[in-house]
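Everything below concerns the one structure shown next.
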Amino acid sequence: MKDNCIFCKIANGEIPSKTLYEDENFRVILDLGPATRGHALILPKEHYANLYELPEEAACGVMRVAKKMAEKMRDRLGCEGLNLVQNNGDLAGQTVFHFHMHMIPRYPADGQKIGWKPGEPKEEELEEIRKILAD
Ligand code: 5GP
Ligand code: ZN
């Protein structure tokens, strides 16, 4: 646990939260500033600041929990869609520097818009990036 990390304290039960699921490695809680009804956060109990620090096994665990929760949200909340959002770095909108995955159930006319302005890259730009990133 990292000193002064609010999500370490929540994940490990030192600060109470609206917990939806818990196992040895993860806790899923309701977000206190929800985008929609049922907006939840998957928190690892170990402190990792972001995706770069998250070990591969924990990354797999996050998706296992996300799948379990996604099915519950669909079946019990009746949401018609779901966004998984995960911010890394303040430039990307991260405000709490303990890894967390947002689960945002979506409903008709919920008033939220999670997206980006699509670019219009030339083929050469895509090819340049492909060469940089593809092995
Ligand atoms: P980020 O912007 O870092 O991706 O997301 C942080 C999220 O944590 C926000 O959606 C915010 O509402 C939520 N949050 C911040 N502090 C607390 C807290 O003490 N408890 C809970 N349940 N959620 C929190
Ligand atoms: Zn932490």
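The values are calculated or read from the model by the stated rules, or taken from the named source; none is laboratory data. Computed from a predicted model, the values in this text were never measured in an experiment. Don't worry about glycine lacking a Cβ; one is built from the backbone with ideal geometry, like all the others, and counts go over all protein chains shown. Only protein heavy atoms, including side chains, enter the accessible area calculation; ligands, DNA and RNA are left aside. Shrake-Rupley method; radii C 1.70, N 1.55, O 1.52, S 1.80 Å.
General observations
- Low-density loop positions, trypsin sites (Lys or Arg not before Pro), segment 9-39 - DSSP coil, at most 12 other Cβ in 10 Å: 18
- Loop-resident sites, segment 63-135, for trypsin sites (Lys or Arg not before Pro), counting at most 13 other Cβ within 10 Å (DSSP): 113, 122
- Estimated FRET transfer efficiency when R0 is 30 angstrom, pair residue 110-residue 67 (beta carbons, to 0.05): 0.85
- The mean accessible area for residues of the chain, using a 1.4 Å probe and ignoring ligands and nucleic acids, is 69 Å² per residue.
- Take the chain and mark each of the GluC sites (Glu not before Pro) that is in a DSSP loop with at most 16 other Cβ atoms within 10 Å; the longest unmarked stretch, sites excluded, is 81-135.
- Efficiency of FRET from Cβ geometry, residue 52 and residue 117, R₀ 30 Å, rounded to 0.05: 0.70
- Debye-sum result for the chain in log10 I(q)/I(0), which assumes one identical scatterer on each alpha carbon, at q = 0.09, 0.21 Å⁻¹: -0.33, -1.26
- Share of carbon and sulfur in the accessible area of the chain stands at 53%, probe radius 1.4 Å.
- Legend: translational diffusion of segment 23-66 by Stokes-Einstein, Rh = Kirkwood radius over C-alpha pairs, 25 °C, 0.890 mPa s; D = 218 µm²/s.
- Simple label model, 7 Å out from Cα along Cβ direction - residue 30 to residue 4, nm: 3.1
- Accessible-area order (highest first, 1.4 angstrom probe) of the listed residues 60, 5: 60, 5
- Placing pseudo-labels 7 Å out from each Cα toward the beta carbon at residue 22 and residue 130 gives an inter-label distance of 4.9 nm.
- Under the Karplus curve 6.51 cos²θ - 1.76 cosθ + 1.60, θ = phi - 60°, whole-Hz ³J(HN,Hα) for segment 8-13, x wherever Gly or Pro sits: 4, 5, 5, 4, 9, x
- Cβ-based net charge around residue 61, under 10 Å, with every Lys or Arg adding one and every Asp or Glu removing one: -3
- Amide H partners (placed H, <5 Å) of residue 51, local residues excluded: none
- Close amide H pairs (under 5 Å, H built 1.01 Å from N) link residue 21 with 28, residues at least 5 positions away or on another chain.
- Rel. contact order, % - alpha carbon contacts under 8 angstrom, at least six apart, the chain: 23
- Taking only Cα atoms of segment 92-135, radius of gyration then Dmax in Å: 16.7, 42
- Lys pairs under 19 Å by Cα in segment 1-103, provided they are eight or more residues apart or on distinct chains: 8
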